[in-house]
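Participant: This structure is in structure tokens; I'll ask about it shortly.
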Amino acid sequence: RAAGISYASAVLNDEWSLFNNAGGLASINKPNAAFAVDVHPNLAGANRVAAIFSLPVKIGVAGAGFFRFGDNLYSEQIISAGYGNRFGIASLGLKVNYVQYRAEGFGTKSVATINAGGIADLTPQLSVGAYITNINQPKVSGKNEHLPTKLAAGLSFKPTEKLLLVTEIEKDLAYDPTWKGGLEYIIHKKLFLRTGFNLKPNASFFGIGFQTWKLKADYAIQYSSSLNFAHQASAIYFIQSKKKDEK
């Protein structure tokens, strides 16, 4: 879903919030398991896979996930655990990551990182969200090289029940900000169309989604002049107890 609307995810509160804005975890009301794959045909070694599990608990929602990027020459593996809860109009979340880097000839390096975020519903139509990654800025080399810290802040507007508009500014402390914009339109209760764009670096996005009471499937395509096309697909399975199914 996020890829289809240009990764403007600061205001999204869905099943993939663990890997976007952890504050969105608080809105999950069903246990679920999900898997996603991101493929870059023209960039060897850039493919990504991710899996998550989210579970509403007595107070709030807990989540756990795994992410992998790379190939045998260079790879990144991340294990994440997060928690989100709602306080009035705001949903707040915190995530802890165990990150492992491996490069051929340089060995393996592991660090722990912390992410935090929140989403506030100002009105039924208007929401704001923000999150920060790698708050603790762990060192990954002896040359005082730290993992990058990123800040993202976004806004969503829902003028009708069928249309969602989103925009976001993302800033890596070491680079210029990226502006993102996108929209999601519900053709039918079960069918979604999405599109979006990024500026600096420039990229365009298109996505489609389908949902039933047990399964949600999404596909997105990204195009940029530098990396050409990339494809992403995901599936989410909603887990319900036998008692609920019987009802």
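The values are calculated or read from the model by the stated rules, or taken from the named source; none is laboratory data. Just so it is clear, the structure is predicted and the values come from calculations on it, not from any experiment. Virtual Cβ from ideal backbone geometry, glycine too; neighbours counted across all protein chains shown. Please note that ligands, DNA and RNA were not included when accessible areas were found on the heavy atoms of the full protein model with its side chains. Shrake-Rupley method; radii C 1.70, N 1.55, O 1.52, S 1.80 Å.
Participant: Enumerate the pairs (first residue in the range 213-229 and β-branched (V, I, T); second residue anywhere and buried (at least 16 other Cβ atoms within 10 Å of the Cβ) and at pLDDT 95 or above) with beta-carbon separation below 7 Å, excluding pairs fewer than 6 apart on the same chain, so at least 6 apart or on different chains.
Facilitator: Every condition considered, the pairs that remain are I221/F206.
Participant: Residues that are in contact (Cβ under 8 Å) with a residue 40 or more places away in the chain and under 16 Å from the mean Cα position of the chain (by Cα): find the strands (runs of 3 or more DSSP E) completely inside the range 1-92 holding 3 or more of those.
Facilitator: Qualifying strands (runs of 3 or more DSSP E): 32-39, 61-70, 74-87.
Participant: Let me ask another. Go through the range 202-218 and report how many residues are aromatic (F, W, Y) and open to solvent by less than 90 Å² (accessible area, probe 1.4 Å).
Facilitator: 1
Participant: Is it the case that the range 54-71 has a residue that's more than 16 Å from T133 (Cα to Cα), polar (S, T, N, Q) and open to solvent by 20 Å² or more (accessible area, probe 1.4 Å)?
Facilitator: For the range 54-71, residues more than 16 Å from T133 (Cα to Cα), polar (S, T, N, Q) and open to solvent by 20 Å² or more (accessible area, probe 1.4 Å): absent.
Participant: Just for the range 121-134: of the residues that are farther than 19 Å from G84 by Cβ and not aliphatic (A, V, I, L, M), which one is surrounded by the most Cβ atoms within 10 Å (Cβ to Cβ)?
Facilitator: Once the filter is applied, the top-ranked residue is Q125.
Participant: Now a separate question. Within the range 166-210, track down each residue that is charged (D, E, K, R) and part of a strand (DSSP E or B).
Facilitator: E168, E170, K171, D172, K180, E184, R194
Participant: Here's another thing I want to ask about it. Can you tell me which of L155, L199, L165, L173 is out of contact with any strand residue (DSSP E or B) (no Cβ under 6 Å at 6 or more places or on another chain), open to solvent by 60 Å² or more (accessible area, probe 1.4 Å) and of a type in the set (A, V, I, L, M, F, W, C)?
Facilitator: Only one candidate qualifies: L173.
Participant: Kindly indicate whether any position in the range 174-188 is of a type in the set (D, E) and touching a helix residue (DSSP H, G or I) at 6+ places or on another chain (Cβ under 7 Å).
Facilitator: Yes; the residues of the range 174-188 include at least one that is of a type in the set (D, E) and touching a helix residue (DSSP H, G or I) at 6+ places or on another chain (Cβ under 7 Å).
Participant: I'm trying to understand the selection: among the residues of the range 105-120, which are open to solvent by 50 Å² or more (accessible area, probe 1.4 Å) and either on the phi > 0 side of the Ramachandran plot or in contact with a strand residue (DSSP E or B) (Cβ under 7 Å, 6 or more places away or on another chain) (or both)?
Facilitator: Within the range 105-120, G105, T108, K109, A112, I114 meet the criteria.
Participant: While we're on this one: So V37 passes all but one of these: (1) within 26 Å of Q240 (Cβ to Cβ); (2) open to solvent by 80 Å² or more (accessible area, probe 1.4 Å). Which condition number does it fail?
Facilitator: Among (1) within 26 Å of Q240 (Cβ to Cβ); (2) open to solvent by 80 Å² or more (accessible area, probe 1.4 Å), the lone unmet condition for V37 is (2).
Participant: Looking at (1) at pLDDT below 95; (2) under 30 Å from V111 (Cα atoms); (3) not hydrophobic (A, V, I, L, M, F, W, C), which is the only condition H231 fails?
Facilitator: Failing condition for H231: (1).
Participant: Answer yes if at least one residue in the range 148-158 is touching a helix residue (DSSP H, G or I) at 6+ places or on another chain (Cβ under 7 Å) and closer than 21 Å to A26 by Cα, and no otherwise.
Facilitator: No - not one qualifying residue is present in the range 148-158.
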